[in-house]
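Single-structure report; data block below.
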Amino acid sequence: VSGHGLSIYNEELNVPLIFYLPDKEPRVINTPVSHVDVLPTVVEILGLSQSDSFRGSPFTIQNRIFFYAQNHKYLIGMVRDNIKIIVDMNRMLTEVYDLEADPLELEPLDREQLHNEYIIELLNWHYCQLNYFSAEEKEEKLETLCNSF
């Protein structure tokens, strides 16, 4: 793949991140993390207090990751429990991958195996993002739902 931000498949999403910390023992984190988790991780490493305004969490705390392609394709996605959901918002198509069995995302799961709970969670996250970043007046009734993201 040439370029970045065109899709949300792992061949483009997986990017190495290296911290050099002279007084720390080297270690590798193989679990997926998100860009929003970089600042809280650096703050934790430095022993500073976390700000309530951080949207991410340190790399040591992670249960799901959300992402989207910022282009004409309008793809949103989520990874949780080694299950990856991709929704094409333009074509209203959904792909589901079992990343443990299919880490290269070559074979989407059959329609009967769709994980509706995960799809609904992804769509709720997307709606909360739109409300947070776009709405002039935030919908108070969404506060409980959106705080979970």
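Please treat every number below as a calculation from the coordinates, not as lab data. What you see is a predicted model; the values in this text were computed from it and never measured. Cβ coordinates were reconstructed from backbone atoms using ideal geometry, including for glycine residues, and neighbour counts include every protein chain displayed.
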Item to complete: With just the Cα atoms of the range 43-119, tell me how far they stretch along each of the three principal axes, in Å, largest first.
Response: 46, 30, 23
Response to the item:
One would report the Cα pair-distance distribution of the chain, bin width 5 Å, in %, as 2, 8, 15, 19, 19, 16, 11, 6, 3, 1, 0
Fill in: Dmax and Rg, reported as Rg then Dmax, of the range 45-89 (C-alpha, Å)
14.3, 41
Worksheet item: Between ASN131 and GLU11, what is the spin-label point distance in nm, taking each point 7 Å from the Cα along the Cα→C-beta axis?
Response: 3.7
Worksheet item: Which residue fluctuates the most in the chain, going by a Gaussian network model with Cα springs under 10 Å, if the choices are HIS35, HIS126, HIS72?
Response: HIS72
Worksheet item: Taking LYS73 as the anchor, which aspartates and glutamates have their alpha carbon closer than 19 Å to its alpha carbon, excluding any fewer than eight residues away along the same chain?
Response: GLU11, GLU12, ASP88, GLU95, GLU105
Discussion item. If the elastic network links every pair of Cα atoms under 10 Å, which of GLY47, GLY77, GLY56 fluctuates the most in the Gaussian network model of the chain?
Written reply: GLY47
Discussion item. With a 10 Å cut-off between alpha carbons and a GNM built on the chain, which of ASN131, ASN116, ASN30 moves the most?
Written reply: ASN30
